[in-house]
Amino acid sequence: MSKDPQNQTASNDDGHDASKSNKSEDTLIFGSAPSHLFDEIAIRIDNMLTEEVSALPLLPRKKSGDGSKQSGEEILLTELRRAYKKNMDVAEIFCERNVFTIASFNKTKRRKVLEHFLNGGDETEATGNDEEAEKGTTAVPQSRFEPPAKNEELPTAEQIISMDKEILVARQRLHTEKQRRVQLSRQIARLKRAMESLNLLQDALKGEDGKGFDELQIKLRKAVKGHREITGWNEKAEEIIQLLDQIKDKRGVGEADGVTQAVTRDADEKERRRVWEELNGGEAGPQGAGVHGSGKEIASLLKKLREK
């Protein structure tokens with residue numbers, strides 16, 4: 001048995017009218033408070049994310065010359081904002097359908113809730129007050145929404161959409177400025193800490209009539225001089241090691257051939273003197289020692305090597 005198309009259309013219209021009525025009741029009671037609430041929550045969450053991420057010490061910062069590439073801080077903030085925005089949208093839809101609505105109530109309960117709201121929430125006090133009952137006064141409705149005057153024109157749908165867009169742009173600008181304020185406050189805090197450390201260092205250097213700064217300069221000079229001396233000794237040690245390696249290689253070649261080479265004292269002295277002159281740029285004696293040590297030091301070292 002087929003349904004009558006006219007009856008089906010009428011039932012659809014009734015359901016549509018009921019949903020519109022419930023929506024208008026929700027708007028009358030809650031207004032734009034839910035959207036403003038979640039906007040405020042989103043702004044606070046974003047400010048907290050910006051502040052906490054900017055405080056992380058190991059994130060790569062944006063270089064001054066590279067304006068197109070995102071820094072590590074911006075990449076992390078983008079991922080966190082995407083995750084939080086998705087969860088905030090889910091929470092807003094859930095609250096719109098289950099918290100900030102009276103659509104699930106029956107007609108009698110919706111009417112009582114609406115009357116209670118229009119009476120300012122003081123229905124029990126108004127009925128229980130004997131003085132007001134004797135005077136015959138009634139509670140004045142305290143609605144936050146005032147109907148427009150008859151001579152005023154209601155905004156069209158296009159105007160409402162345009163106003164909503166302007167409100168959204170203003171909120172985005174406010175959100176951006178708050179983020180910038182958080183970042184600047186974080187930078188100011190860092191500069192304050194650096195300034196405190198610098199002041200402590202300056203006070204330490206200026207202590208005892210500037211003796212601290214003079215002592216620091218003396219210690220720096222000694223450190224530089226010691227570094228140069230250590231470098232020179234390292235070079236001498238490397239050259240001596242190379243000399244020992246050459247002697248060892250020559251002895252190893254002779255032993256490998258099975259020939260015992262008898263080297264006289266004069267030949268050994270000549271060979272050692274030749275190596276010494278090569279190390280000192282063709283000069284012999286103390287003048288040619290350079291950074292490799294004095295002639296006495298090298299002669300003593302060669303004497304010890306010969307004894308071994």
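A few comments on the model shown:
- Count of residues meeting criterion [modelled with pLDDT under 65 and in a helix (DSSP H, G or I)] in region 131-178: 5
- Region 76-111: number of residues that are farther than 20 Å from Ser32 by Cβ, out of contact with any Asp or Glu (no Cβ under 7 Å at 6 or more places or on another chain) and surrounded by 14 or more Cβ atoms within 10 Å (Cβ to Cβ): 5
- None of Glu238, Glu255 is within 26 Å of Glu271 (Cβ to Cβ), assigned to a helix (DSSP H, G or I) and either at pLDDT 80 or above or within 37 Å of the chain's Cα centre (by Cα) (or both) except Glu238.
- Condition check for Arg181: assigned to a helix (DSSP H, G or I) and either touching a residue at least 12 places away in the same chain (Cβ under 8 Å) or exposed (fewer than 11 other Cβ atoms within 10 Å of the Cβ) (or both): no
- Among (1) at pLDDT 85 or above; (2) exposed (fewer than 10 other Cβ atoms within 10 Å of the Cβ) - the single one Gly67 does not satisfy: (1)
- Residues that are hydrophobic (A, V, I, L, M, F, W, C) and closer than 15 Å to Asp39 by Cα within region 152-175 comprise Ile167, Leu168, Val169, Ala170, Leu174, listed in sequence order.
The values are calculated or read from the model by the stated rules, or taken from the named source; none is laboratory data. This one's a predicted model, so the numbers in the text were calculated from it and none came from an experiment. Every residue, glycine among them, receives a Cβ derived from its backbone with ideal geometry; neighbour counts consider all protein chains shown.
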